[in-house]
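The values are calculated or read from the model by the stated rules, or taken from the named source; none is laboratory data. Predicted, not measured: the structure shown is a model, and the values here were computed from it. For neighbour counting, all protein chains shown are included, and Cβ atoms are generated from backbone atoms with ideal geometry for every residue, glycine included.
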Amino acid sequence: MDMNGCGNGVNLYRAAGELAGITSLVDAFYSNMDDFPEARVIRNMHPDDLTESRKKLTYFLCGLLGGPGLYLEHYGGVNLPEFHGQFQIGTDERDAWMFCMQRAISVQPYEASFKEYLLARLRIPAERIRLVNAEGNTGVGNLFL
C-alpha cells in the first residue's frame, strides 16, 4: 500500500480495519498500558476503569483516519494539547504513549506501509501535546483519552 498515493481518508480508515480494526488497535494499546512497566507513568493518568478512555480513543482515531466523526458526534470537538494540559507530559510520557501504540500497531494485521504511516501520523499529535505542555502545566487529573 502506497500511503502517498492513498490521499483519501476513507482508504486510511479501511486500511485500519474500520471500526472493528480500530477497536482492536485501541484494545491492544490499553492492554500494553496495563502490561508494561514502561507505561506506568501514563497508566497512572487514567481512571481505573478504561471503558470510557477506550471508547474516546477509538472514536477519535476513526475520525483521524477519515472514518465517521464519532468523537465529534458523541463528545463534541477536541483540542488534544489543551485537554492534556492538565497533566505533566514530557518526553517520558510521550515516549511511553508511543511505546504502547507502536506495540499495538505491530500486532495488527495491517500492511507494513500502513503500520509505518500510522505510527508516524500519531507521533505528530503526541509531540504537539508534549510541546504545548512544556509551555506551562500546573494540573493533574485523570486522562480520558
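Structural remarks
- Counting only helices (runs of 4 or more DSSP H) that sit wholly inside the stretch 13-73, those with at least 3 residues that are out of contact with any strand residue (DSSP E or B) (no Cβ under 7 Å at 6 or more places or on another chain) and farther than 19 Å from VAL107 by Cα are 40-43, 51-64.
- Within the stretch 79-112, restricting attention to residues that are outside any loop (DSSP other than H, G, I, E, B) and among the aromatic types (Phe, Trp, Tyr), the residue that is surrounded by the fewest Cβ atoms within 10 Å (Cβ to Cβ) is PHE83.
- With respect to the conditions (1) surrounded by 19 or more Cβ atoms within 10 Å (Cβ to Cβ); (2) hydrophobic (A, V, I, L, M, F, W, C); (3) closer than 24 Å to LEU131 by Cα, CYS62 lacks only one, and its number is (3).
- Restricting the stretch 24-43 to residues that are crowded, with 18+ Cβ neighbours inside 10 Å and within 22 Å of SER113 (Cβ to Cβ), the residue that is farthest from the chain's Cα centre (by Cα): ALA28
- Unmet criterion (only one of (1) surrounded by fewer than 16 Cβ atoms within 10 Å (Cβ to Cβ); (2) within 23 Å of ARG128 (Cβ to Cβ); (3) touching a residue at least 60 places away in the same chain (Cβ under 8 Å); (4) touching a helix residue (DSSP H, G or I) at 6+ places or on another chain (Cβ under 8 Å)) for PRO47: (2)
- Within the stretch 9-29, the set of residues being hydroxyl-bearing (Ser, Thr, Tyr), over 15 Å from GLY69 (Cβ atoms) and without any contact (Cβ under 8 Å) to a residue 60 or more places away in the chain comprises just one member, THR23.
- Taking the criterion of being among the small types (Gly, Ala, Ser), modelled with pLDDT of 95 or more and more than 22 Å from ALA20 (Cα to Cα), the only residue of the stretch 84-111 that qualifies is ALA96.
- Yes/no for PHE114 being in contact with a helix residue (DSSP H, G or I) (Cβ under 6 Å, 6 or more places away or on another chain) and either closer than 22 Å to GLU18 by Cβ or modelled with pLDDT of 90 or more (or both): yes
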